[in-house]
Amino acid sequence: MSASEFQELLTTESAFLMPYAVHLTRDPVLAEDLFQETVCRALVNREKYHPGTNIKAWLYTIMKNIFINEYRRKSKHRVLFDSTATAALSHRFGFSTHNTAESTLRYREIREAIHKLPDIFKRPFLMYFEGYKYEEIADMLKEPLGTIKSRIHFARKILKARISRK
């Protein structure tokens, strides 16, 4: 299928995408962006479309995947400023306070739980916690990568069990 034939097919068959984009985003402006991104991706990846197959299903899948990936990307970002009215009022009038005693106790509890880990789990976990990558830890401790990953996993599991019991 030539590029012009694909564009023609895409133009005639893409009108159904806009309502789906509005359904996903619940915002007409974001829906327009999602629609445009879907059409662009379809054009870029036209060689992956097999003529004679259901183009609507192919376009739905592209749109759904773009939406999910964008949602996941946004959910990983931390909220630096809460602009809700109650948050603004509480900051303005000082209605909320930070309980430093509770957070200090919780920090101490976590630190003690880490200290009580067996050395076989504690060393890799602390190195990972300090920011080393799995591969770096494996090289430094002269252990296989899979072993390091499993030890860090089990350290987390042990810590979670110990801290949640209290």
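No lab work stands behind these numbers, since they all come straight from the coordinates. The shown structure was predicted, so the numbers you read here are calculated from the model rather than taken from an experiment. Note that each Cβ is placed from the backbone with ideal geometry, even for glycine, and that neighbours are counted across all protein chains shown.
Using only the Cα atoms of region 100-165, build the gyration tensor, take square roots of its eigenvalues as a ≥ b ≥ c, and label the shape rounded, prolate or oblate: rounded if a/c is under 1.5, else prolate if a/b is larger than b/c, else oblate. Here region 100-165 falls in the prolate category.
Shape verdict for region 1-80, please, from the Cα gyration tensor: rounded (a/c under 1.5), prolate (a/b greater than b/c) or oblate. Prolate.
Local charge for LEU34 was computed over the other residues whose Cβ lies under 14 Å away, with Lys and Arg +1 and Asp and Glu -1, and equals 0. Summing charges over all other residues whose Cβ lies under 14 Å from the Cβ of ARG46, with Lys and Arg as +1 and Asp and Glu as -1, gives -2.
Taking each residue as 0.36 nm, the span from GLU37 to TYR134 lengthens on full extension beyond its C-alpha to C-alpha distance by 31.4 nm. Listed values for region 17-32 are Karplus-derived 3J(HN,Hα) couplings in whole Hz (6.51 cos²θ - 1.76 cosθ + 1.60, θ = phi - 60°), namely 6, 4, x, 5, 5, 5, 4, 5, 8, 6, 8, x, 5, 5, 5, 4, and x replaces Gly and Pro. Listed by chain and number, the aspartates and glutamates placed with their C-alpha closer than 14 angstrom to that of LYS133 are GLU143; residues fewer than eight positions away on the same chain are left out.
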